[in-house]
Every structure is written in C-alpha cells, then in structure tokens.
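Engineer: Structure incoming, see below.
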Amino acid sequence: MTKEEIISFINANATCYLATCDGDKPHVRAMGMYNADERGILIQLSSIKGMYGELVKNPKVELCYNGSGKVIRISGTADFMEDQALKEEVVKSRPFLKTLVDAHGWEAIKVFRVANPVATVWTMATNLEPREFIKLY
C-alpha cells in the first residue's frame, strides 16, 4: 500500500488499538482516532486519564487498525499539540466532550499527533513475506 492508501484506510477504519507502556507494563486500549490529515495522525484523549501520564513519561506508541482483511500497524511518538483552535474543533465534532470541558476546563482535552509515523501492512497473502516499512509523513 502507498502512504496515501494507508491514510485513506485509517480514516475509513478510525477505531484503532493504541499501545503504550507504564514502566515495563504494556497497555493496549481501543481508541477512536480523531483524524489523519496534513497535520498528521491525530488522537484525542483526556489529561485526567492514566494514559496521558503514561504518554508524558514514555511517548512511544503503536497504533493498530484492522479492516477488510488488512492489519496496519503504525509506530511513532506522541507529540502533544497545545492548539486551542484544534481542541475546539475536536470538541465541536465530539459534543460528548463538552461535559468534560465544563467540569475540568480546556486543559482536560489533549490531542497528540503521531510524530515520525512508520507503518507496516499485514494481510494473509503477505503473512510470510518480509515486512515493508512505510514512512507516512
């Protein structure tokens, strides 16, 4: 797959599994990716959740997307974007976050882009082939 095809795929399959580490203990959870565009792969989370603290201590991440017989893994580093306009854009598109902002302020909304993202694509047909690493941005 080309990087354009990968970006299209992850936008069409926005639920991903995000892996982080807390010390030597890995954590994986399902996340709804906010968007993948010219700004990068954007993930929104809350500063009041434990995942935020994990990412501050160790920003290395891996995302896993699954759909249509393909698995795409993307590794990189969480690069937090302190952009108020972006936070407002996210809350506008995800109205359920308004109660979080009302209760904890805008600081509770965190958005990171995956810096230096590198993707690998897996299918049954390519299962035994050497992995190809595709730089996305």
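Engineer: Could you count how many residues in region 1-43 are exposed (fewer than 14 other Cβ atoms within 10 Å of the Cβ), in a helix (DSSP H, G or I) and without any contact (Cβ under 8 Å) to a residue 40 or more places away in the chain?
Structural biologist: Count: 3.
Engineer: Considering only region 104-137, how many residues are over 21 Å from Phe80 (Cβ atoms) and over 20 Å from the mean Cα position of the chain (by Cα)?
Structural biologist: Total meeting the criteria: 10.
Residue by residue, here is whether (1) under 22 Å from Thr123 (Cα atoms); (2) of a type in the set (Lys, Arg); (3) touching a Leu at 6+ places or on another chain (Cβ under 6 Å) holds:
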{"site": "Asp24", "(1), (2), (3)": "no, no, no"}
{"site": "Arg39", "(1), (2), (3)": "no, yes, no"}
{"site": "Lys57", "(1), (2), (3)": "no, yes, no"}
{"site": "Arg73", "(1), (2), (3)": "yes, yes, no"}
{"site": "Val91", "(1), (2), (3)": "no, no, yes"}
{"site": "Phe96", "(1), (2), (3)": "no, no, no"}
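Engineer: Among the residues of region 49-68 satisfying the criterion of being at pLDDT 95 or above and in a loop (DSSP other than H, G, I, E, B), which is farthest from the chain's Cα centre (by Cα)?
Structural biologist: Across region 49-68, the extreme among qualifying residues is Asn58.
Engineer: Continuing with this model, one more query. For region 84-100, how many residues meet the condition of being closer than 12 Å to Ser46 by Cβ and in a helix (DSSP H, G or I)?
Structural biologist: The first filter runs over region 84-100 and keeps only residues closer than 12 Å to Ser46 by Cβ, leaving 87, 90-91, 94, 96-97, 99-100.
Filter once more, keeping what is in a helix (DSSP H, G or I): 87, 90-91, 96-97, 99-100.
Number satisfying all stated conditions: 7.
Engineer: Being surrounded by fewer than 14 Cβ atoms within 10 Å (Cβ to Cβ) and charged (D, E, K, R) narrows it down to one of Lys70, Lys49, so name that one. Walk me through how you get there before you give the answer.
Structural biologist: On the way: Lys70 fails: surrounded by fewer than 14 Cβ atoms within 10 Å (Cβ to Cβ).
One residue alone meets the criteria, Lys49.
Engineer: Now, a different point. Does Val101 fit the bill of being out of contact with any Phe, Trp or Tyr (no Cβ under 6 Å at 6 or more places or on another chain), surrounded by 12 or more Cβ atoms within 10 Å (Cβ to Cβ) and aliphatic (A, V, I, L, M)? Spell out how you get there, then give the answer.
Structural biologist: Working: out of contact with any Phe, Trp or Tyr (no Cβ under 6 Å at 6 or more places or on another chain): yes; surrounded by 12 or more Cβ atoms within 10 Å (Cβ to Cβ): yes; aliphatic (A, V, I, L, M): yes.
So Val101 passes the test.
Engineer: Within region 73-81, can one find any residue that is touching a residue at least 40 places away in the same chain (Cβ under 8 Å), assigned to a helix (DSSP H, G or I) and surrounded by 17 or more Cβ atoms within 10 Å (Cβ to Cβ)?
Structural biologist: Looking for residues that are touching a residue at least 40 places away in the same chain (Cβ under 8 Å), assigned to a helix (DSSP H, G or I) and surrounded by 17 or more Cβ atoms within 10 Å (Cβ to Cβ), one finds none in region 73-81, hence no.
Engineer: Give the number of residues within region 82-123 that are more than 24 Å from Thr2 (Cα to Cα) and either charged (D, E, K, R) or in contact with a helix residue (DSSP H, G or I) (Cβ under 9 Å, 6 or more places away or on another chain) (or both).
Structural biologist: The first filter runs over region 82-123 and keeps only residues more than 24 Å from Thr2 (Cα to Cα), leaving 82-111.
When the remaining residues are screened for being either charged (D, E, K, R) or in contact with a helix residue (DSSP H, G or I) (Cβ under 9 Å, 6 or more places away or on another chain) (or both), the result is 82-84, 87-92, 94, 97-98, 100-102, 106-111.
Of the residues in that region, 21 qualify.
The values are calculated or read from the model by the stated rules, or taken from the named source; none is laboratory data. Everything numeric in this text was worked out from a predicted model, so none of it was measured. Cβ sites come from the backbone with ideal geometry, for glycine too, and all protein chains shown count toward neighbours.
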